[in-house]
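J.: One structure is given below, represented as structure tokens, and several questions about it will come after.
The values are calculated or read from the model by the stated rules, or taken from the named source; none is laboratory data. All figures in this text were calculated on a predicted structure; none of them were measured in a lab. Methodologically, a virtual Cβ is constructed for each residue, glycine included, from the backbone with ideal geometry; neighbour enumeration extends over all protein chains shown.
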Amino acid sequence: MCGNASQFQGDGLDLVPGTYRALGNDGMYFDVAINAGDNFYYPDDVPRSNALANALHDASDHLPVVVDYVVSCPADLNLDCDVGILDFLALLGAWGADPGGPPTSTATATPASTTS
């Protein structure tokens, strides 16, 4: 992914540090075919690694580069990593009962008392 530091500041789509990698590259092959022997991209699953290496070899002469991203959710207003009713209540508290704009006063409504 092309970009600069100002695009990755924790408020949207962010690259996870240390996750940039060439898919299928186990680091054992330099200037030879990626499938020229056992591949250990998936350390506990050599047959899966070999199948990936064969597919990559047959599909292209270059390896795809992959990276992991984290997406922050702007709707998580209370920052509890869960978007739910508490976020809706936080929004109502910030904007008041009128969704068209901020509250015009700081007064809050109190429930009417009932008698039995």
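J.: From the residues in segment 36-59 that are assigned to a loop (DSSP other than H, G, I, E, B) and hydroxyl-bearing (Ser, Thr, Tyr), which one is surrounded by the fewest Cβ atoms within 10 Å (Cβ to Cβ)?
T.: That would be TYR42.
J.: Among the residues in segment 81-90, are any more than 24 Å from the chain's Cα centre (by Cα) and at pLDDT below 85?
T.: Looking for residues that are more than 24 Å from the chain's Cα centre (by Cα) and at pLDDT below 85, one finds at least one in segment 81-90, hence yes.
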